[in-house]
Structure formats: structure tokens, C-alpha cells
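Please read the structure below before turning to the comments.
The values are calculated or read from the model by the stated rules, or taken from the named source; none is laboratory data. Just so we're clear, the structure is a prediction, and the values are computed from it rather than from any experiment. Every residue, glycine among them, receives a Cβ derived from its backbone with ideal geometry; neighbour counts consider all protein chains shown. Keep in mind that these areas ignore ligands, DNA and RNA; they rest on the heavy atoms of the full protein, side chains included. Shrake-Rupley method; radii C 1.70, N 1.55, O 1.52, S 1.80 Å.
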Amino acid sequence: MKFTLLTLSTLATTIAAFTPTSSSFVKTTPVAHRAASSSSTSLDMKYKVAVVGGGPSGACAAEIFAQEKGIDTVLFERKMDNAKPCGGAIPLCMIGEFDIPESTVDRKVRRMKLISPTNVEVDIGDTLQPNEYIGMCRREIMDKFLRDRAISYGAEAVQGLVTSIDVPADHRSNENSRYTLHYQEYAEGTSAGVPKTMDVDLIVGADGANSRVAKAMDAGEYNFAIAFQERIKISEEKMKFYEEMAEMYVGDDVSPDFYGWVFPKYDHVGVGTGTVVNRPAIKQYQKAIRDRAGEKIAGGKIIKVEAHPIPEHYRPRRVNGRMALVGDAAGYVTKCSGEGIYFAAKSGRMAAEAIVKLMEGGKRLPTQEEIERTYIADYDKLYGPTYTVLDILQKVFYSNNGAREAFVELCNSKYVQQVTFDSYLYKKVQGNNPLDDLKLLGETIGCLIKGYSIAKPDAEFSNPVESMKRL
């Protein structure tokens with residue numbers, strides 16, 4: 001879960017100094033801008049931006065574009081009531097930064113239980129202040145709020161599925177070249193779509209792991225996890241335990257490379273797991289997390305089953321011409337914690353703000369090089385260290401049961417809890433105490449030795465064909 005952000009603060013201190021460079025793409029020639037005209041028709045023309053995908057990344061991008069008078073903004077979303085499979089945890093800073101009303105938050109989690117492979121439990125939460133919490137939301141509620149806000153600013157909403165995009169050969173250099181979106185538009189209450197097309201000047205791909213925009217712009221493939229979640233309605237008496245409590249289970253029985261969770265929602269719990277390395281066994285791992293939760297969810301009724309691919313790293317290419325990827329489509333999900341909501345919203349906003357500034361009030365279109373130099377470079381500089389830290393932590397602590405036992409024991413440390421919560425809640429690498437870091441290093445070594453001595457061996461598995469699949 002997100003609480004794992006900086007379990008080893010010593011690693012964070014070292015890697016925080018790392019500043020990744022922007023992705024290196026082929027340089028483009030300057031865009032040939034449309035000729036100015038004194039006719040009223042020309043003056044009234046606006047550039048059209050299509051945002052494909054209406055989740056947090058797309059909605060937050062559309063909101064920025066829609067407030068620019070010189071831009072027509074179209075927001076595509078296949079299902080306006082979509083409930084994406086998701087743990088639903090958001091950091092405290094997101095509430096204020098994105099003006100999200102607390103009414104969209106189902107539960108305020110202030111306590112956390114980490115359960116090791118041998119069922120050793122560690123309680124986390126003593127370091128939180130009374131006004132601090134991790135928000136648990138349902139995606140269908142939060143996404144609708146963000147989408148409706150973008151529409152209120154002037155974005156045109158299209159309930160449709162983009163199926164393909166025609167990309168002109170000279171789209172990198174000729175401003176008069178336009179992209180043609182082919183999509184199926186759906187009327188409310190109907191399952192059959194009506195085929196339509198739309199010409200646009202710029203595209204933001206916010207359409208998730210199976211992004212059609214990514215395919216159209218030859219963004220390259222990435223490895224992915226399968227996240228599986230069941231929403232389970234339990235009794236009011238059992239829900240009292242989860243009122244401010246979330247649980248995280250580790251062990252090769254629930255996932256060979258991730259964790260299982262029980263997260264509280266409005267009137268039910270989300271119980272799930274995920275894996276990259278053994279995707280065919282996801283239902284086996286899901287049964288194991290239900291079994292591990294045991295009596296706490298016993299007698300519950302499964303009211304919804306959800307599964308979805310989750311990217312494991314950045315796309316090789318995130319910008320091509322006047323097409324840019326954000327959110328899951330770009331690969332902005334962190335290792336170790338699996339966090340994606342905040343980074344989706346942030347990347348959508350950062351991309352739109354950078355592009356709007358480059359467009360100078362709708363007077364011109366940006367080049368690929370300009371988008372890379374602003375949006376891509378700024379995002380990587382701001383969050384690259386976080387992705388690197390969590391990648392290392394996942395490799396160290398989720399690789400086998402011995403390391404998982406050590407991870408849980410380390411989380412007994414109030415110092416680890418403080419740094420972890422502060423870093424997650426406010427999305428900033430917190431200042432560390434050198435003496436405590438040195439002490440933590442010794443504790444880490446001791447916990448790893450102990451963990452390896454008591455842990456059972458991991459179960460062996462093999463899926464050479466499935467493991468090579470990419471999106």
C-alpha cells in the first residue's frame with residue numbers, strides 16, 4: 001500500500017539526490033503555424049484539443065484546457081458511471097491541491113495493520129496528527145466529481161469509445177495537419193454505439209493501460225500487473241473494525257511480488273491483490289487474501305468483482321508530435337505501493353498547464369520538443385526519485401517471504417512510520433535524521449537476517465509465455 005513509500009529512509013535519502021533527465025526523443029522541426037488572417041471567420045477559429053479518457057488524469061487535464069478561451073476542449077469517456085478497479089486511497093495533500101470535497105471521501109483511514117507471511121501483525125498510525133488521514137474513495141464518485149467540474153468549465157463531454165486515430169505523416173512539422181479520431185458514441189441506456197469521426201489539433205491520451213492513443217502514437221510497450229478486487233458487503237458490526245482501519249497482507253500466498261489489501265469503503269470493503277510475475281494465478285491469490293482476512297469478513301456478500309491491468313513503468317515514448325500521454329497511459333503508477341490516482345491527476349494537470357502556456361492563449365500549437373522540454377522534463381524532475389525509490393523497495397522487500405517478514409518488522413519503528421506517512425501524505429521526501437538513519441540501517445540488516453531464518457520458502461511457479469506479454 002501507499003504506506004510503504006519510504007520504509008527505508010536511508011534509500012530515499014540517497015536516491016532523492018538523483019534527478020532524471022527528460023525522455024530523449026527524436027528532435028522535431030518547428031511547427032509551421034497557420035497564417036494569420038484578418039477575416040472574422042479566421043479570428044473565431046479555435047484549436048481543438050481532445051482528451052481521451054475521463055478518469056482523474058483526463059478530467060484534470062480537461063479542466064485546465066476548458067478554462068482557456070482560445071481552446072475548444074472535448075472530453076471522451078466510454079462510461080460516465082465507470083467504476084475502475086482500484087484500492088481508492090488518496091493522500092491528504094490531494095484533497096487540498098485539487099479542491100476535492102470531503103464528501104467524496106468514504107473513509108478517513110488513521111490506522112493500518114501490516115500482516116506478515118507468518119501472520120505477525122504491526123499496527124501503524126501513532127505518528128499521525130488528529131487532522132491527518134488517508135482518504136478512501138470510490139472511483140465512480142471521485143471521477144464523476146472531477147469530470148463534472150471540467151464540464152462546468154466548458155469541456156464538451158462525449159460518451160464514446162475512441163477506436164482508432166489517423167495520424168498524418170507530417171503531424172510533427174505541419175500545424176495544418178489534424179488528427180482524426182474514430183469513435184463509437186453511445187446514447188444513455190443503449191449498448192450499441194454510433195460510429196463517428198472528429199478532427200482535432202492536439203490529443204491528450206488519458207485512456208489507461210490499454211491506451212488507444214498510445215498505440216496510435218507508437219508509444220511502445222510496458223510490462224503490467226493485474227489488479228483484482230472484490231467489493232464485499234459485511235455486517236455493520238464487522239464494518240466497525242474498518243471504520244478508520246485498512247489492512248495490508250504480504251506473503252507469497254497472496255502475491256509473489258505485491259501485497260493483498262482490505263480497504264474500507266462507504267458501506268463495504270474492497271478486498272484485493274495484484275501481481276506482475278504470475279498473472280494467471282490471480283484468482284488463486286484472491287482466494288488467499290479472503291482466507292487471510294478470515295473472520296473479519298466472514299459472511300460477507302460479494303457485490304462487485306473488478307480486474308484491471310496496471311502499468312509497471314513509464315512508456316518508452318510519452319509524446320509524439322502533438323499527442324501526449326498522462327496517467328496510467330503514460331505508466332505513472334508507482335512500484336511497491338501501486339499508487340496511481342494522485343500521479344494521474346497531477347500528470348494531467350501538469351501536461352495541460354504546460355501545453356496551454358505553450359499555446360499562448362490559443363495563438364499557436366506546441367511542438368513535440370517543447371512538450372518534452374516542459375511537461376515531461378518537469379514531471380520527471382519532480383517525481384523521478386519517488387519512482388526510483390519504490391522500484392528498489394519492491395525488489396528488496398517483496399521478492400521472498402524472508403524479506404517480507406523483515407519489512408513488517410521494520411514498520412514497528414516509529415521513525416519509519418513518521419517518514420513513511422509524511423512522505424505519502426504530502427508527496428515530498430521528508431528530511432531525515434542521520435543518526436536515526438544509521439540506526440535504521442543496522443535494524444534493517446538484523447530484520448533481514450531474522451526474516452530469512454524464520455520464513456518458509458516461496459512456492460515455485462512458471463509461466464514463460466504469459467510473463468512475456470506486454471501492453
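Annotations for the structure displayed:
- Only one of Tyr285, Tyr266 that is aromatic (Phe, Trp, Tyr), part of a helix (DSSP H, G or I) and either surrounded by 15 or more Cβ atoms within 10 Å (Cβ to Cβ) or in contact (Cβ under 8 Å) with a residue 12 or more places away in the chain (or both): Tyr285
- Of the residues making up the stretch 53-93, those that are surrounded by fewer than 19 Cβ atoms within 10 Å (Cβ to Cβ) and aliphatic (A, V, I, L, M) are Met80, Ala83.
- Against the list (1) open to solvent by less than 20 Å² (accessible area, probe 1.4 Å); (2) touching a residue at least 12 places away in the same chain (Cβ under 8 Å), the condition Thr197 fails is (1).
Condition check ((1) assigned to a loop (DSSP other than H, G, I, E, B); (2) in contact (Cβ under 8 Å) with a residue 60 or more places away in the chain; (3) open to solvent by 30 Å² or more (accessible area, probe 1.4 Å)) across all residues:
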| residue | (1), (2), (3) |
| --- | --- |
| Leu393 | no, yes, no |
| Ala403 | no, no, no |
| Val416 | no, yes, no |
| Val419 | no, yes, no |
| Thr444 | no, yes, no |
| Glu460 | yes, no, yes |
| Asn463 | yes, yes, no |
| Arg470 | yes, yes, yes |
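- Residue within the stretch 153-166 that is surrounded by 15 or more Cβ atoms within 10 Å (Cβ to Cβ), in contact with a Ser or Thr (Cβ under 6 Å, 6 or more places away or on another chain), at pLDDT 95 or above and within 30 Å of Lys363 (Cβ to Cβ) present: yes
- Top-ranked residue of the stretch 423-442 - restricted to ones that are without any contact (Cβ under 8 Å) to a residue 24 or more places away in the chain and within 27 Å of the chain's Cα centre (by Cα), ranked as most open to solvent (accessible area, probe 1.4 Å): Lys428
- Scanning the stretch 293-321 for residues that are over 23 Å from the mean Cα position of the chain (by Cα) and among the charged types (D, E, K, R) yields Glu295, Lys296, Lys301.
- Scan of the stretch 229-270 for residues that are touching a Ser or Thr at 6+ places or on another chain (Cβ under 9 Å) and under 18 Å from Tyr398 (Cα atoms), ordered by number: Met248, Tyr249, Val250, Gly251, Val254, Ser255, Pro256, Asp257, Phe258, Tyr259, Gly260, Trp261
- Yes/no for Asp148 being of a type in the set (Asp, Glu) and under 28 Å from Pro309 (Cβ atoms): yes
- Residues of the stretch 314-356 that turn out to be closer than 24 Å to Ala83 by Cα, among the aliphatic types (A, V, I, L, M) and surrounded by fewer than 24 Cβ atoms within 10 Å (Cβ to Cβ), as a count: 0
- Tally of residues being open to solvent by less than 30 Å² (accessible area, probe 1.4 Å) and not small (Gly, Ala, Ser) across the stretch 288-309: 4
- His171 meets the conditions (1) part of a loop (DSSP other than H, G, I, E, B); (2) open to solvent by 50 Å² or more (accessible area, probe 1.4 Å) in every case but one. The failed one is (2).
- For the stretch 50-85, a residue qualifies if it is farther than 17 Å from Leu146 by Cβ, over 19 Å from the mean Cα position of the chain (by Cα) and not acidic (Asp, Glu), and the qualifying residues are Ala50, Lys69, Gly70, Ile71.
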